[in-house]
Amino acid sequence: MGHEVIPIRGLWRLFSSDKDDANTIPDWMENDMTQRRAVLQALGLASLAATSGIGLAACSNDPAPPQEDGSGPVELRVAIFSSNEGHLEVLNSIGVAYVAAHSDRVNKVVFDTLPADAYITALQTQIAGGQSPDLAWVFEANARQFVDGGAFVDVTDTLKQAEGYAFDDVVAEALRVWQQDDKVFAYPFSNSPFGIYANLDLIKAAGGPAPRELLDNGEWTWGRLAESAAQVAASDSGLTGFQAGVDPFDGWLDGLGTMWPQWGARPWTEDGTDCQLTSQPMLDFFGWFHEQIHQTGAHAKPGEVFDMNSGQTGFKIGLLSGSRLISEAGFDWDFLPLPEGPAGAHPIVGQSGIGVLSQSSKIEAAKHFLAWFTNPESGAKLSQFFPQPRTSLLTVENLKQVSPLLTDEMISGTIIDQASRGTTKQGHKNLSRITDKVKVHLDAYWPSPNADLAALMEKACADIEADLE
Amino acid sequence: MKSTTIDKFTGAAMAAPMVLGIGAFGLVPFLMVVWYSLHEWNPLAGTFDFSGVANYLRMFTDPQIPTSVGATLGFAGLLMVLNIPLAMLLANLLNTGLKGITAFRVIYFAPVVVSSVAWVVVWSYLLAANGGINAVLAAIGIDGPNWLMDRRTALPTVVVVQVIKGVGMNMILFLAALQGIPNELKEAAALDGASRRRVWQHVILPLMTPTILLVMILTMIGGLDTFVPVMVLTQGGPEGTTTVLPYLVYRTTFQDLEFGYGSALGVMMFVLVLGLTAIQWVARRKWVHDEV
Amino acid sequence: MLYLLLALACVPFIYPMVWMLFAPFKTNDELMSLSPSLWPQQWTLDGVKQIFTVNPYARQWLNSLYIATVVTVGVVVLGAMAGYAFARIRFWGANLFFLMLVSAMLVPSEITIIPVFRWVSQLGLLDNHLPLIILPMLGPGSVVAVFIFRQFFLSLPGELEDAARVDGLGRWGIFWRIAFPLAGPAIGAVAIMTFLRSFNLYLEPLVLLRTPELFPVSLGITRYDDMYGEPLFNTQLGATALAVIPVLVVFVFAQRQFVEGLSSTGLKG
């Protein structure tokens, strides 16, 4: 048995659980299977190889899923990272409506929750194991990895040509991180602007001006925010003035990427090939932020822990999703747009996207469903939980559903206005490797009151040169 | 006692289920990982291209590797140095019939059961620069260090958190061994007029050596394979000082999406651990009682 | 004096445990705050209530319990057999096979999960409990059990077996009638470790299961999110604390083995 490579491979194709997809199993996987067996035999482990052969040849009892060749409706599987009941209810209702309208194409849409913490791990294991979901939600941080890495298929035409889709209604800026050469590879089903949560009680007690007044007077700048934050920090040793959303000492890009655009800075060029960490705007920004840690004391030091919702922080960058906790906290608060910096205003949104996986065996059906899932009607349903990147859906009325805790003022100023212009933080195909390498240098920068920033950034740029391609 | 042919068959049959199972579910998948490591593999895009030993050559130029190997060895070494003597001490203290000793056993064992998430969450609060431990230190006039953010303290701090979490398990193994020593032996030695210390040194300790070997190997492997506390407490920082190999493997594979290179790192880690284990295994005949 | 010392040393061990037990009754705010205080400032049952309503927790709890029990019994019996064979019988290739087992322990599971997943899916056993029983029972995780039993049987006095052999018992008989009953402390240690390992299994159920009703607790506790997809910490911690209870109960019973182990068998050294 161990020697009969070809028949076993044939058997496997006949009986494996995805037998109907046998034609679409990528070549590399079959090669892998046969070559692996050859390696095992070469290593003299014929008996063990036979064991794995049994595995390959084994018959599956799963009912065969319908075929993709148009002869019958298929079942679609969508990987998601939320297990919230309300989310699942809305998603399933969209799935049911789709199946009702297109029973000739799809007989079921299954939304499969993978835990957010292990989402990418689980998703990749499924794909690497030949059981790719047909569509998947993806965090913004993975966007370029998936788009540039070939994980998603091009859906531009599908979306543009879908009936009643109104492609022009979609905010163009919102698609940017999911595009490659004007081709759309995924759709940001959640598009939520970053803003500033302010603890009005603390600010008032420290003698600072109400942030909304500053905003109305056109004085809402990072400089004024930092001044007010420094007052809060100085008023009590148990308080800090200001916190970037994500701890910037853990995740520098997530924590600070919402801020440096207002300095006109970017970590690398738009096409992702050249390091810009040594550019003057970037050095200015880091210098300013460092000053807030070591000189004015407005921002917490590395390793210090403060919690906005417990009333320990004056200002904090956050998304709409932070409003539930802060509203339970029992102090007077506000949610404002990001302040202006030396280079003016530059709104930033946080997103999650959904796309069709290139390793799916039902790409055509999945594309068709994606167009339905992101059309204006489905968008209206989704906007109950996820702010939509469609101009027609960015209304106070609509957003009231997802943000019952915000005032109309906050919704129109902080959400709608910003969501219709905002871009995402800059991404990169090799983002996780790049951020890790730069972090090593920043780790040395933050704790030291007088580190040589320019020299550190030079080294960081040298380290990531190979990854910027 | 000599083993007859029938004995040999019986022995082979008794060991067979485990040997076959572990071969099939442990070693065969590992050989496949070796196979993957010879490829450039991006499952998301469905590319799987043979690249020979390129992934292994890349390790020599990867600046993360020396730091990471150093951090891994430092972590495992410090863990063994702290964990094993402490476990031995606790086991001996708790191996008495004193009233209420069960309660202590349960308490020292409790961290083993606590979910690692809850465990790490609590400690990250306690170890913050302005956290509970530094508050206590400040109360007695000491300016505590920035435990997790200072490159000098981060690694030892994570090790100590791991020691407290895991020492209970080693304590249990030592307790089992202590209980396995017949009381009569100790009593006989005591009757001969040996001091408690001499009984421990010459009767108990030699009989414990098989378990000490076991605990050493298990602790070393556990230490070399530490991952969750690093991911949560330090994310490999500051300045890469806590980027241990398993964390690097995880990051490379599932965050950087480089399955081929990640597999090669995994193989390298396997070889490293195998080498260190082999040294302990070969050295065992010199000091372990009754080894065959 | 000894008590005082032991009690003092307890603090870092017991503190996180107690914190975990009180945490579910805190509000999410308080949990997220710096305060590592044990006693909730404001008691709430909101977190605990949701444990059973938004997720089939009871079912998941039973799944974990039965899987861990089966795995533990299997590992104790098979591990003791293998451990005894390796310690006492010089069968062909014994040393080589043992080294093979030890080296299997060194394989990082984050990577082998991919081939394992592939096999399970090709056998049509995805979303099935069988792999979650077989893999921990016969997989690399069980090497520790074999190792513990081997080391334990090595230090068991050989005279006992000689006597049994004179009485006409074969190896199999000696193992079952003499060696295994004496292995109380090792059985206790292996049982605790194995039960714990199975109960905490995360990566395997994560990739091998899809239906929430089939999930073990370790995976189930990740399924408590609010309407923004943010985790409900107090509910998660409450579910975690409840999950720990069976493990502690197993420990309290198993640790008696260490007190009663050999002293009650009437063994003369």
Show log10 I(q)/I(0) for segment C:7-105 at q = 0.14, 0.20, 0.21 Å⁻¹, two decimals, from a solvent-free Debye sum over equal Cα scatterers.
-0.81, -1.02, -1.06
Can you compute the label reach from B:Val232? Point 7 Å from Cα along the Cβ direction, backbone N cut-off under 13 Å, restricted to segment B:120-148.
B:120-127
Once both labels are modelled 7 Å past Cα along the beta-carbon direction, what's the A:Ala455-B:Asp49 spacing in nm?
4.1
10 Å Cβ shell holding at most 11 others, DSSP loop, trypsin sites (Lys or Arg not before Pro): longest site-free stretch of chain B
B:153-292
Low-density loop positions, GluC sites (Glu not before Pro), segment A:81-187 - DSSP coil, at most 12 other Cβ in 10 Å
A:Glu163
List C:Met105, B:Met268 from most exposed to least, where exposure is judged by having the fewest other Cβ atoms within 10 Å.
B:Met268, C:Met105
Under 23 Å between alpha carbons, and skipping anything fewer than 8 positions from A:Lys437 in its own chain: which lysines qualify?
A:Lys301, A:Lys425, A:Lys429, A:Lys459
Placing one equal point scatterer on each C-alpha of segment A:89-139 and summing with Debye, one gets log10 I(q)/I(0) at q = 0.13, 0.22, 0.28, 0.32 Å⁻¹ equal to -0.40, -0.87, -1.04, -1.18
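Find, among the trypsin sites (Lys or Arg not before Pro) in segment A:71-139, those assigned to loop by DSSP (not H, G, I, E, B) with at most 10 other beta-carbon atoms within 10 angstrom.
Details: sites: A:Arg77, A:Arg105, A:Lys108; in loops: A:Arg105.
Sparse-neighbourhood loop trypsin sites (Lys or Arg not before Pro): none present.
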Quick one: Cα centre-to-centre distance for segment B:61-97 and segment B:184-239, in angstrom?
11
Segment A:243-327: GluC sites (Glu not before Pro) in DSSP loop, at most 11 other beta carbons within 10 Å
A:Glu270
In whole Å, how far is the Cα centre of segment B:121-151 from that of segment C:45-116?
37
Need one number for chain B: average projected area of the convex hull over its C-alpha atoms, nm².
21.8
Which distance in nm do the two modelled labels at A:Glu227 and C:Trp176 give, with both placed 7 Å along the Cα-to-Cβ direction?
8.8
Most fluctuating residue of B:Ile279, B:Ile22, B:Ile164 in a GNM of chain B with Cα springs under 10 Å: which is it?
B:Ile22
Report, as an integer, the average count of C-beta atoms from other chains found within 10 Å of each Cβ along A:305-315.
4
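Taking beta carbons within 10 Å but only from partner chains, what does the mean come to for residues B:215-221?
3
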Per residue of A:451-462, other chain Cβ atoms within 10 Å number on average 0
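Compute the orientation-averaged projected area for the protein assembly as shown from the convex hull of its Cα atoms and round it to one decimal in nm². Mind showing how you got there, number by number?
Working: hull surface 167.7 nm².
One quarter of the hull surface, i.e. the mean projection, equals 41.9 nm².
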What spacing in nm lies between the two simple spin-label points modelled at A:Ala462 and B:Ile140, each 7 Å away from Cα in the Cβ direction?
4.6
Mind jotting down the three principal axis lengths of segment B:1-86 based on Cα atoms? Whole angstrom, largest first.
55, 43, 22
With a sphere of radius 10 Å drawn around the Cβ of A:Trp252, what net charge do the other residues whose Cβ falls strictly inside it have (Lys, Arg +1; Asp, Glu -1)?
-3
Report the net charge of residues surrounding A:Ala233, where surrounding means a beta-carbon distance below 14 angstrom and charges are Lys +1, Arg +1, Asp -1, Glu -1.
-2
What does the net charge come to around A:Lys400 if you take all other residues with beta carbon closer than 14 Å to its beta carbon, with K and R at +1 and D and E at -1?
-3
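Based only on the alpha carbon positions, what is the Kirkwood hydrodynamic radius of segment A:321-445, in angstrom? Walk me through the numbers on the way to the answer.
Working: mean 1/r = 0.0567 Å⁻¹.
It is 17.6 Å.
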Rg from C-alpha atoms of segment C:58-260, normalised by the globular rule of thumb 2.2 N^0.38 Å, equals 1.19
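Bear in mind that the values in this text are calculations on the coordinates, not laboratory data. All of these numbers come straight from a predicted model, not from anything done at the bench. Note that we place each Cβ from the backbone using ideal geometry, even for glycine, and neighbour counts take in every protein chain shown.
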